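I'd like to ask some things about the structure below.
The values are calculated or read from the model by the stated rules, or taken from the named source; none is laboratory data. Bear in mind the structure is a predicted one, so any value in this text is a computation, not a measurement. Don't worry about glycine lacking a Cβ; one is built from the backbone with ideal geometry, like all the others, and counts go over all protein chains shown.
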């Protein structure tokens with residue numbers, strides 16, 4: 001897949017800004033573009049049309065922070081989108097993709113995960129959304145159809161983005177799948193801007209573009225978002241209907257990794273999580289018994 005460039009992102013976001021959004025009057029004239037014209041954006045951002053055109057064509061070299069902030073202001077980007085704009089501008093145009101070693105969760109992250117009661121589902125996610133570790137209830141909540149030990153083997157690790165867009169079991173799990181799908185795509189775009197030379201990440205995005213029409217359609221919107229808190233409405237195959245809130249704990253020792261924790265949104269969902277946790281207890285007791293023999 002061709003990596004997103006600064007010029008591509010600028011064109012996508014320019015098309016989303018209507019003249020009225022920035023105080024321009026069109027006097028009923030016909031317009032061939034849905035958003036701002038290049039010369040309009042350049043004037044509002046305080047630069048020449050020629051320079052802005054070269055930015056969209058990825059031929060202007062490195063843009064200054066002042067220029068990028070001016071563009072972000074006119075394009076009405078939020079703080080996360082502005083960070084993405086800066087990330088794209090810093091990326092060397094000739095940078096080669098690098099295939100890094102499989103990720104390993106930091107031992108402090110695993111210690112924190114192990115210290116949490118199994119009544120609280122939790123998952124450790126890597127840079128690309130791979131499951132690096134999970135507790136019993138986290139596994140039962142999100143992917144009870146998969147082997148609990150799969151995250152231990154890099155070749156078998158569940159990929160949350162792949163599951164979300166390509167696995168029918170996962171799609172059936174989420175009642176608010178359409179809402180969450182937009183979040184997944186927007187976060188992957190932010191991640192791709194942070195790690196432009198990650199070959200595995202580029203391959204993941206390329207695979208999803210080819211195999212999921214929904215993903216491909218959402219990718220063209222240019223949405224960018226961080227994914228730190230939110231709500232998941234589930235129809236779980238074992239405990240039925242429940243709603244959980246997720247929050248992400250970023251890890252200072254491994255900034256690529258995220259500990260995602262799920263808590264109930266209402267009393268009925270709390271009961272469902274307790275039931276789910278109780279069903280994982282026999283497996284835990286069996287493992288402890290075998291270990292003590």
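When only residues in segment 34-56 that are surrounded by 13 or more Cβ atoms within 10 Å (Cβ to Cβ) and in a loop (DSSP other than H, G, I, E, B) count, which is modelled with the highest pLDDT? Walk me through it before giving the result.
Just the residues of segment 34-56 that are surrounded by 13 or more Cβ atoms within 10 Å (Cβ to Cβ), to begin with: 35-45, 47, 49, 51-56.
Cutting the leftovers down to in a loop (DSSP other than H, G, I, E, B) gives us 35-37, 47.
Working: 35: 87, 36: 90, 37: 89, 47: 93.
This residue is 47.
Next up: Taking segment 1-10 as the search range and keeping residues that are surrounded by 16 or more Cβ atoms within 10 Å (Cβ to Cβ) and modelled with pLDDT of 80 or more, which one is farthest from residue 53 (Cα to Cα)? Outline the logic, then answer.
Step one: filter segment 1-10 for residues surrounded by 16 or more Cβ atoms within 10 Å (Cβ to Cβ), giving 3-7, 9-10.
With modelled with pLDDT of 80 or more added as a condition, the list becomes 4-7, 9-10.
Values: 4: 17, 5: 14, 6: 12, 7: 9, 9: 13, 10: 10 Å.
Top of the filtered list is 4.
Let me ask something else. Here are some conditions: (1) buried (at least 20 other Cβ atoms within 10 Å of the Cβ); (2) over 24 Å from residue 274 (Cβ atoms); (3) assigned by TED's automatic domain parsing to the domain that holds residue 213. Residue 121 meets all but one. Which one does it not meet?
The one condition residue 121 does not meet is (2).
For segment 255-293, how many residues are out of contact with any helix residue (DSSP H, G or I) (no Cβ under 7 Å at 6 or more places or on another chain), at pLDDT 50 or above and assigned to a loop (DSSP other than H, G, I, E, B)?
Result for segment 255-293: 4.
Taking interchain pairs and intrachain pairs at least six residues apart, which have beta carbon atoms under 6 angstrom, with the first residue in segment 1-21 and more than 18 Å from residue 59 (Cβ to Cβ) and outside the structural domain of residue 210 (by TED's automatic domain parsing) and the second surrounded by fewer than 17 Cβ atoms within 10 Å (Cβ to Cβ) and at pLDDT below 90?
Filtered contacts from segment 1-21: 15/34; 19/26.
Can you name the residue in segment 240-254 that is touching a helix residue (DSSP H, G or I) at 6+ places or on another chain (Cβ under 6 Å) and at pLDDT below 95 and, of all such residues, is farthest from residue 181 (Cα to Cα)?
Ranking the qualifying residues of segment 240-254, first place goes to 253.
So which of 103, 81, 56 ends up being in contact (Cβ under 8 Å) with a residue 12 or more places away in the chain and in contact with a strand residue (DSSP E or B) (Cβ under 7 Å, 6 or more places away or on another chain)?
Working: 81 fails: in contact with a strand residue (DSSP E or B) (Cβ under 7 Å, 6 or more places away or on another chain); 56 fails: in contact with a strand residue (DSSP E or B) (Cβ under 7 Å, 6 or more places away or on another chain).
Among 103, 81, 56, only 103 is in contact (Cβ under 8 Å) with a residue 12 or more places away in the chain and in contact with a strand residue (DSSP E or B) (Cβ under 7 Å, 6 or more places away or on another chain).
May I pose another question? Hey, any hits in segment 108-118 for a residue that's touching a residue at least 40 places away in the same chain (Cβ under 8 Å) and in a strand (DSSP E or B)?
no
Turning to a different aspect of this structure: Being closer than 28 Å to residue 77 by Cα, free of Cβ contacts under 8 Å to residues at least 60 places away in the same chain and either in the same structural domain as residue 175 (by TED's automatic domain parsing) or under 14 Å from the mean Cα position of the chain (by Cα) (or both): is that true of residue 228 here?
Values: closer than 28 Å to residue 77 by Cα: yes; free of Cβ contacts under 8 Å to residues at least 60 places away in the same chain: yes; either in the same structural domain as residue 175 (by TED's automatic domain parsing) or under 14 Å from the mean Cα position of the chain (by Cα) (or both): yes.
For residue 228, the condition - closer than 28 Å to residue 77 by Cα, free of Cβ contacts under 8 Å to residues at least 60 places away in the same chain and either in the same structural domain as residue 175 (by TED's automatic domain parsing) or under 14 Å from the mean Cα position of the chain (by Cα) (or both) - is met.
Still on this structure, I have one more. For residue 66, work out the one condition from (1) touching a residue at least 12 places away in the same chain (Cβ under 8 Å); (2) over 16 Å from residue 9 (Cα atoms); (3) in a helix (DSSP H, G or I) it doesn't fulfil.
(1)
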